[in-house]
1. Among the strands (runs of 3 or more DSSP E) confined wholly to segment 439-535, which include 2 or more residues that are closer than 24 Å to residue 322 by Cα?
2. Counting only residues that are surrounded by 18 or more Cβ atoms within 10 Å (Cβ to Cβ) and either assigned to a helix (DSSP H, G or I) or in contact with a Lys or Arg (Cβ under 6 Å, 6 or more places away or on another chain) (or both), how many does segment 291-306 have?
3. Looking at segment 307-346, which of its residues are part of a loop (DSSP other than H, G, I, E, B) and not hydrophobic (A, V, I, L, M, F, W, C)?
4. With respect to residue 540, is the statement that it is outside any helix (DSSP H, G or I), farther than 26 Å from residue 317 by Cβ and not assigned by TED's automatic domain parsing to the domain that holds residue 291 true?
5. Give 252, 218 a once-over and let me know the one that is touching a helix residue (DSSP H, G or I) at 6+ places or on another chain (Cβ under 6 Å) and surrounded by fewer than 17 Cβ atoms within 10 Å (Cβ to Cβ).
6. Just checking, which of 243, 236 is at pLDDT below 95, of a type in the set (Phe, Trp, Tyr) and under 25 Å from residue 15 (Cβ atoms)?
7. Identify, from the list 403, 394, 363, 422, the residue that is crowded, with 19+ Cβ neighbours inside 10 Å, at pLDDT 95 or above, part of a loop (DSSP other than H, G, I, E, B) and not β-branched (Val, Ile, Thr).
8. Count, please, the residues in segment 444-468 that happen to be crowded, with 17+ Cβ neighbours inside 10 Å, touching a residue at least 40 places away in the same chain (Cβ under 8 Å) and over 14 Å from residue 514 (Cβ atoms).
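The values are calculated or read from the model by the stated rules, or taken from the named source; none is laboratory data. Please read all numbers here as calculations on a predicted model, not as lab measurements. Every residue, glycine as well, gets a Cβ built from its backbone with ideal geometry; the counts of neighbours run over all protein chains shown.
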Amino acid sequence: MPKLESKNILFISHKKKRCGIYEFGKNIANSLQKSQKYNFIYQECSSLKELAESIKEHNPAAIIYNYHPFTIPWVTTRIMPRIYRNNLTNITIPQIGIIHEITQDLADRGVNYKNNFIIFRPMHNSIFDFYVTPDPTLLLKNPLVYKTGRLVKKYENKQALPDNIIIGSFGFATANKGFEDIIILAQKEFDEATIKINIPLADFGDENGIKAKQIENNCRELITKPGIKLEITHEFFEDEKVFDFLAANSINVFLYKDTGVRGISSVTDYALAVNRPIAISKNSMFRHILNLNPSICIEDNSLKTIIENGAAVLREAKENWSEENLIWDYERIIDSVLKIKSQKPTAKTGVKTKIKAKIKKILSLPNIEHTWIVDAKTVNNDDLKTISNISYTLVTLPANFSLNRILNDKARKIYQPAIIKLWELVPKTMAKKIPAANVQQAFVFDTVLRNIPNYSKPRILCVGSYEDTAAMSLKKIGISIEEVDPMINYTLEEYATKPSVVPGSYDIIFSTSVIEHDPDDKAFMQALDKLLAPGGIIIMTCDFQENWLPGKPKPDVDARLYTSYDLRNRLLSYLENCRLIDAPDWNCPNPDFNFLGKYQYAFASLVAKKHL
């Protein structure tokens, strides 16, 4: 079998069509061609033979498919075995499918929990080796599934705000787009306005424009006010024309009503680029922007209010889904895939061996063996809703009480008010935790709130935020927190290299019982150091046993247990110009936490500050 040294990555899509999937793939591929790490080659194929010819020509290290069963129907079973059978190539090449109509259930379908072990299985139809979903909200429970952010292309809006209200929208004439609802809502709020809607003909599903014309007729029949003007076009706009169309409007509105199992709509990717307010319905196809504050949902705010609030609310999403970040996303995915595929599976381990390189970097996989998670069920949404007017009084700390300490029964008594507050704020998630371990989150919750007044508008980062009740509770009372977790987005080490992440920009970084799960705690601490601002503070907890040595018993999910030497000397040595904020008290001859009836250890805290 030839050894692959190629940096070529094929990006396969279908022949040009008036089609959202085509436009999505073309835009992604055009951006990826700016990569400095890999040579992404865009190819439009309509058959297995054309694909094989492209493979022979470019000798790719991996192949990405812009996949949808309607657009490339010739991809119905695993591609490479079919190519082998036809003697078209003899090279093993990782196959990666971009899945558009993705849901959490579909992504999770290859993961099962049985007898405290994780069983990995391929995705629903086993077409590809790995999968990529452009859904920022997906939880990464399946190690065969990666995700990226969206792509918001750079566009300079040179058009002045219109003097009169112009309400815009666009999209193909598929069911439940809610164009008629835009007419109804606009007339409810305005006596004078112009509504501009672009409904292009589609090669898949409405080639003759019958559906588009029917929607147009429905919309025109709804006009009852003489001051409401309606302009509907059916031209298929290329990218720049789409941007120009949206940029000329006062607001762009998308009121989808689809209740089916769908992926994220691309219409808001275009709308985010033009720096105009956006209004949406509370629909799952907009799940990636449903929680912006102030809300852009018409169920929460009127069109007038959303226009008055302006486009500033969209800025963070727009910056996070930049072209630079998307390229970085795909580069790290290719890195991981090639590393995994380079490990030859044995007859006994099969797919488990192939994915070992990826899963060892997952710090907070929802495994029922996790040190402080009782089960792996998804967090109830009630625990995630922000509540205003919540009061909390910091715990009273005894004299000479060190924040660098063992979180034992004495600490549990001191932090009992914080534990009670966590139960009040996130009861569904707290019910899933081991009670004796809750002192860690209580300590972190109280210590973060204790330090917030030391900074003006502090930037706060939580490392390992999935189901972390401290992070959830802080968010619930209105504290702005950025989150890093391989279940939600990235490992800490990955995040520190993201193009949009500014080194030295976080005033408070906290992490609850995460570092002991990372195989490389030196890299973990160095990433913390890279992100921490001068004068910033690190607040973290870990599993602790004073006499622990490699080879001694520990929970399977822990890479190690920590000793006072590790905390005082080794970990601190990886932090440049950081010092403990007080004299530590890590004396623990009798650890009081028992896990699974066979592991006896304690919890320790480490709080350090970076000096100016």
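1. Details: elements: 460-463, 482-484, 506-511.
Hits in segment 439-535: 460-463, 482-484.
2. The number of residues fulfilling the criteria is 3.
3. Of segment 307-346, the ones part of a loop (DSSP other than H, G, I, E, B) are 310-311, 321-322, 342-346.
Those that are part of a loop (DSSP other than H, G, I, E, B) and not hydrophobic (A, V, I, L, M, F, W, C): 310, 322, 342, 343, 344, 345, 346.
4. Details: outside any helix (DSSP H, G or I): yes; farther than 26 Å from residue 317 by Cβ: yes; not assigned by TED's automatic domain parsing to the domain that holds residue 291: yes.
It is true that residue 540 is outside any helix (DSSP H, G or I), farther than 26 Å from residue 317 by Cβ and not assigned by TED's automatic domain parsing to the domain that holds residue 291.
5. Values: 252 fails: surrounded by fewer than 17 Cβ atoms within 10 Å (Cβ to Cβ).
Within the list 252, 218, the selection yields 218.
6. Details: 243 fails: at pLDDT below 95.
Testing whether each residue is at pLDDT below 95, of a type in the set (Phe, Trp, Tyr) and under 25 Å from residue 15 (Cβ atoms) leaves just 236.
7. Details: 394 fails: crowded, with 19+ Cβ neighbours inside 10 Å; 363 fails: at pLDDT 95 or above; 422 fails: part of a loop (DSSP other than H, G, I, E, B).
After applying the criteria, what remains is 403.
8. 8
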